[in-house]
Amino acid sequence: MPARSIGTGTLSFGMVSIPIRTYSAGESASAVSFNLLHSKCKSRLKQQYVCPKDNEIVPRDQMVKGYEFSKEQYVTFTEEELKAMAEETQKAIEITEFVPASKVDPVYFDGAYYLGPDKGGEKAYRLLNEAMKQTGRAALAKWAARGKQYLVLIRPVDNGLVMQQLLYKDEVRTIAEVPIDDAELKEPELKLAVQLIEQIANDEFKPENYEDEVRKRYHEAIQRKVEGHEITAAPEAPRAQIIDLMEALKASLAAKNAAAAEAKADAKADAKAAASGERKTGTEG
């Protein structure tokens, strides 16, 4: 089933204007959430807002939005004032500059959308995709939606375009803010670490190899509960405490080598069993 468009607009740079459609690039699976119930009757509890000063429940028609500009000091805003400050949604995505795609640190990446050509924009869309791939550049652009103005990065992927929502500079902390003490590295340690990396290295990212094991475990436990079974916590596997870095690296390599040898033996056994089955089938024929 083809993806369903969530909006239309135009992608513009210079005098070129490309009609486009926007599609969700993905959707984060919601975390398993639990409701608060009354332990006595299992009824779901309702949330209420209480004024701590008057100790009274405040109904929604008596609530206003406020901004804390100083400790416990607020300025309030009406809905009309909030709407006046919000950025008006615009269907135009305005490209401001092209930059080397490799120069945009992924730490700035936020949500992503696919952009597809709308009717009449196929050729210009394809042209932009190919030109960006040949130059190795991506486009920085401004996009207004949901009352906010976003900085976005538009980059070519295969024969299409991805619009990557970016964080602004003041929304990203630098690594310099993280306390990192200096440490002396020894050449044997570095060689072992490189060897360990190479042992489990891959030349491409395969997302199909990964799944949310915690969410899966929650759903399995919930299903067991629904079926009337009790849940008991599995005993935690003991972990060997290794203090020496070289010892830890050697232990990691030994474990990986053992796992690789076991996998190789299993594959050999499977191949032998398959060959034996084929010979048997051939004899019967």
Practice item. Report Rg/Rh for segment 1-85, rounded to two decimals, where Rg is the Cα radius of gyration and Rh the Kirkwood radius. Key: 1.17
Check your understanding: Looking at the chain, what % of its DSSP beta bridges pair antiparallel, to the nearest 5?
Key -> 95 percent
**Study point:** In order through segment 56-72: 3J(HN,Hα) via Karplus (6.51 cos²θ - 1.76 cosθ + 1.60), integer Hz, x for Gly, Pro
**Key:** 10, 6, 9, x, 4, 6, 10, 9, 10, 8, x, 10, 7, 8, 8, 3, 6
Practice item. Treat every Asp and Glu Cβ in the chain as -1 and every Lys and Arg Cβ as +1, leave all other atoms uncharged, and give the resulting dipole magnitude about the Cα centre to the nearest 20 debye. Key: 980 debye
Exercise for review: Note the angle between two axes, namely the Cα long axis of helix 245-284 and the longest principal axis of the Cα atoms of the chain, as a number of degrees from 0 to 90, rounded to the nearest 10.
Suggested key: 70 degrees
Revision key, fill the gap. Expressed in angstrom and ordered largest first, the alpha-carbon extents of segment 25-139 along the principal axes are 65, 39, 33
Check your understanding: segment 112-129 to segment 60-84: how many Å between their Cα centroids?
Key -> 42 Å
Review point. How long are the semi-axes of the ellipsoid equivalent to segment 93-247, from square roots of 5 times the Cα gyration tensor eigenvalues, in whole Å, largest first?
Key: 40, 28, 19
Study note, to complete from the structure: Protection proxy (average C-beta count within 10 Å per residue), highest first, orders 172-180, 121-129, 253-261 as 121-129, 253-261, 172-180
Study note, to complete from the structure: Hydrodynamic radius by Kirkwood for the chain, inverse mean 1/r across distinct Cα pairs, in Å, is 26.7 Å
Review point. What's the FRET efficiency of Thr78 with Glu122 using the Cβ-Cβ distance as r and R₀ = 51 Å, to the nearest 0.05?
Key: 0.65
Exercise for review: Per residue of segment 142-147, in order, report the coupling 6.51 cos²θ - 1.76 cosθ + 1.60 (Karplus, θ = phi - 60°) as ³J(HN,Hα) in whole Hz, putting x for Gly and Pro.
Suggested key: 9, 9, 10, 7, 6, x
Practice item. Please report, to two decimal places, log10 I(q)/I(0) for segment 122-177 at q = 0.12, 0.30 Å⁻¹ as given by the Debye formula with identical point scatterers on the Cα atoms and no solvent. Key: -0.38, -1.14
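Rule-based calculations on the coordinates, nothing more; no lab input. Just so you know, these numbers come straight off a predicted model, no measurement behind them. Please note: Cβ atoms are built from the backbone with ideal geometry, for glycine as well, and neighbour counts cover all protein chains shown.
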